[in-house]
Structure formats: structure tokens, C-alpha cells
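**Student:** My structure is below; once you've seen it, I'll send some questions.
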Amino acid sequence: MAVGLVACGSGAPQFKSTDITGAPYGKALALTGHDGRPYTLAAFRGKVVVLFFGFTQCPDICPTALAEVARAMQALGPDAEHVQVLFVTLDPERDTAEILSRYVPAFDPRFLGLYGDLAATREVAKEFKVFFEKRPGSTPGSYSIDHSAQTYVFDTEGRLRLFVRHPRIASDLPHDVRLLLKQAG
């Protein structure tokens with residue numbers, strides 16, 4: 001077996017998303033919530049965590065991803081109460097706590113927006129292997145941000161488990177979250 005790969009025997013969970021259990025990244029996060037409170041991944045132990053990076057002025061990928069996660073939460077029904085969705089902004093210059101507090105919960109009131117200064121944002125993005133780069137616009141405030149668009153899922157013990165491709169969020173996430181909740185017993 002290659003180093004770093006997980007065995008896929010009959011006892012392994014049959015996730016629809018990419019199983020990245022044991023990945024050497026995605027272990028730490030320390031940011032502020034749109035509610036003004038500091039958060040780390042440990043704050044969400046006991047819940048499955050769905051983590052997405054983006055920015056509120058994104059014209060397509062970010063709102064689509066959040067809408068898809070909201071659809072997945074609806075599909076989970078009562079199991080959604082055991083899930084915490086986190087949206088990490090890659091635009092700390094414009095995405096203030098006030099803006100995040102209006103934008104992120106508009107998709108689902110349980111969703112939490114997280115932010116930090118540029119140094120903290122870069123640190124978290126590096127930890128999760130998320131690319132982002134500011135692209136100038138016609139005016140200083142009209143810039144855009146190019147970024148990778150992956151969704152990560154953590155189990156109830158706080159371990160990074162899944163990589164969900166953008167077009168598969170609504171179709172795969174409910175199934176995979178239920179498997180993680182079942183494993184937690």
C-alpha cells in the first residue's frame with residue numbers, strides 16, 4: 001500500500017466524497033466568528049464540521065456553494081442539528097463581522113462566518129492548502145479574489161475526513177455526513 005493512503009476494505013466507509021482521512025494538513029484554525037467570538041476547530045467537537053473558503057462579493061462559486069450546503073442541510077433533516085457549517089472569508093479587507101453576519105446566515109441561520117486579519121487569513125489558507133489571490137478591478141474597492149473552491153468535512157472528533165468537490169456538494173454531502181454521524185454513534 002502506498003504511504004498516506006487509507007485501506008479500502010469492506011469495513012471502510014463508502015463515502016461519495018474523497019476520503020482524505022489522515023491528511024497532514026487541515027489541523028488548525030483560529031479565527032473570529034461573525035458573532036465576535038474567537039473560534040478554533042476544537043470549539044465544534046461533537047459536531048460534523050463543513051468548512052468552505054470564499055468571500056461575500058464572489059459573483060458565482062461562493063453563493064452557489066453556500067446554497068448547495070444549505071440544500072444538503074435541508075436534506076439531512078434532524079441530523080443537520082449535529083452539523084456546523086463554517087464559511088471562512090478570504091477577503092478580510094471587505095468582509096467585516098457585520099457583513100458576514102448578514103451574508104452567511106442568509107443561507108441558513110446555523111451557518112457561521114469566520115474572519116481574521118490578512119496574516120491570520122493567509123495562515124489558515126496555507127494550513128488548508130487553499131489558494132487565493134487578489135485581482136485588481138477598475139477601482140481600488142472593486143477587486144475580485146481568485147481562489148480554490150473545495151469544501152472540507154471534519155468528523156465529530158475534529159479530524160479532517162473528506163474533500164468535497166464543488167459540483168458534488170448537494171448530492172454527496174447528506175450521505176457522507178450521515179455516515180460520519182453513524183460512526184460517531
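**Student:** Tilt of helix 61-76 relative to the longest C-alpha principal axis of the chain, in degrees (0 to 90, nearest 10)?
**Tutor:** 40
**Student:** Between the stretch 118-146 and the stretch 18-97, how far is it from one alpha carbon centroid to the other, in angstrom?
**Tutor:** Distance between centres, Cα-based: 17 Å.
**Student:** Counting only C-alpha contacts under 8 Å and six or more residues apart, can you give the relative contact order of the stretch 102-185 as a whole percent?
**Tutor:** Here the relative contact order equals 15 percent.
**Student:** I would also like to ask the following. Please list, or write none, the lysines whose alpha carbon is within less than 21 Å of the alpha carbon of Lys16, excluding same-chain residues fewer than 8 places away.
**Tutor:** Lys47, Lys182
**Student:** Find me the longest stretch of the chain that has none of the exposed GluC sites (Glu not before Pro), where exposed means in a DSSP loop (not H, G, I, E or B) with at most 16 other Cβ atoms within 10 Å.
**Tutor:** In the chain, the maximal stretch lacking such sites is 1-92.
**Student:** Would you work out the charge dipole size for the stretch 18-184 about its Cα centre, treating the Cβ of every Lys and Arg as +1 and the Cβ of every Asp and Glu as -1, and quote it to the nearest 20 debye?
**Tutor:** It comes to approximately 280 debye.
**Student:** What residues of the stretch 44-59 lie in the reach of a label at Ser171, counting those whose backbone N is under 15 Å from a point 7 Å from the Cα along Cα→Cβ?
**Tutor:** The answer is none, because no backbone nitrogen lies closer than 15 Å to the label point.
**Student:** Lys and Arg at +1, Asp and Glu at -1: add these up for the other residues within a Cβ distance under 15 Å of Ala97 and post the number.
**Tutor:** Residues close to Ala97 contribute a combined charge of -3.
**Student:** Further, regarding this structure: Relative contact order for the chain using alpha-carbon pairs under 8 Å, separation at least 6, rounded to a whole percent?
**Tutor:** Here the relative contact order equals 32 percent.
**Student:** A further question follows. With point charges of +1 on the Cβ of Lys and Arg and -1 on the Cβ of Asp and Glu, referenced to the Cα centre of the chain, which listed residue (Ser148, Ala23, Phe52) lies farthest in the positive direction of the dipole?
**Tutor:** Ala23
**Student:** Return the single residue from Asp91, Asp19, Asp35 with maximal mean-square fluctuation; model: Gaussian network over the chain, springs between Cα atoms under 10 Å.
**Tutor:** Evaluated over the chain, the most mobile residue of the options is Asp35.
**Student:** Further question: Count the DSSP beta bridges whose two residues both fall in the chain, then state the antiparallel fraction as a percent rounded to the nearest 5.
**Tutor:** Here the share of antiparallel DSSP bridges comes out near 65 percent.
**Student:** Angle check, please: helix 169-184 long axis (alpha carbons) against the longest principal axis of the chain (alpha carbons), in degrees 0 to 90, nearest 10.
**Tutor:** Rounded to the nearest ten degrees, it is 50.
Every number in this text was worked out from the coordinates using simple rules, so none of it is lab data. If you're wondering where the values come from, they're calculated on a predicted model, not measured in any experiment. Backbone-built Cβ (ideal geometry, glycine too); neighbour counts: all protein chains shown.
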